[in-house]
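Each remark here refers to the structure printed beneath this line.
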Amino acid sequence: MTKTTKTTAFAGPTSQRDALGGGLLPSQSTDGPTRLGDWFQTFSGIQFFPLDPHPDEILIEDIAHSLANQCRYAGHTNTFYSVAEHCYRMSFIVPKKDALWALLHDASEAYLVDLPRPLKYYSKLGEVYIILENQVMRAVAERFDLPTPCPASVHRADNIMLSTEKRDLMKIPPKPWVETEKPLKGVIFPMNPCAAELMFLERFYQLRK
């Protein structure tokens, strides 16, 4: 990684500046233009600045590989079940016009990973995370020509998958989950990461034809 030097101002909305700590995070790469924060190297070998996402730096190969190697529910499933497979399955239970959105709805997790729902929606950490998640998803939407906002069918499908995954991949819960949708009839038998990555990419190129 390149060395960075702190700058004194944050070029963003006031609410975002406050949430991210004022002028403490912006930095400037010594070998390139000013970018916010630092970078990490993606699977494809490029630099990615998670606090300053650019659409042209978002690659489907990076998304597929990362999501295929991340387990849903912070790894607390009975067996490994990837975010990529979750997205792949979701793309078949929405209207066809929304299928690409369903496939890519968790694309930000390739760059930010995810937070469990109790942290994401009930903590200060979650408030900051959602700001960053929205930034990355705006870049994803621009990169892949997705209409905004995310369709309601995708949110509903996510809850259908939640109920299905709870039934098929988790231990008996200590207390009832909040479920707004009924599970699918078919049972999930998880793919391995390599298969999930390939199926995710195949589905992407199918939907982009």
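At-a-glance table
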quantity: Of residues in segment 29-75 being aromatic (F, W, Y) and in a loop (DSSP other than H, G, I, E, B), the one farthest from Y205 (Cα to Cα); calculated: W39
quantity: Residue count, segment 110-147 (criterion: assigned to a loop (DSSP other than H, G, I, E, B) and either under 12 Å from the mean Cα position of the chain (by Cα) or at pLDDT below 95 (or both)); calculated: 4
quantity: Scope segment 34-72; condition at pLDDT 95 or above and polar (S, T, N, Q); matching residues; calculated: Q41, T42, S44, Q47, S66, N69, Q70
quantity: Segment 182-206, residues that are surrounded by fewer than 17 Cβ atoms within 10 Å (Cβ to Cβ) and either touching a helix residue (DSSP H, G or I) at 6+ places or on another chain (Cβ under 8 Å) or within 17 Å of Y88 (Cβ to Cβ) (or both); calculated: K182, G186, V187, F189, N192, C194, A195, L198, E202, Y205, Q206
quantity: Count - residues of segment 150-181 that are of a type in the set (A, V, I, L, M, F, W, C), surrounded by 16 or more Cβ atoms within 10 Å (Cβ to Cβ) and assigned to a helix (DSSP H, G or I); calculated: 6
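The values are calculated or read from the model by the stated rules, or taken from the named source; none is laboratory data. Just so it is clear, the model here is predicted, and its values are computed rather than measured. Using ideal geometry, Cβ is built from the backbone for each residue, glycine included, and neighbour counts are taken over all protein chains shown.
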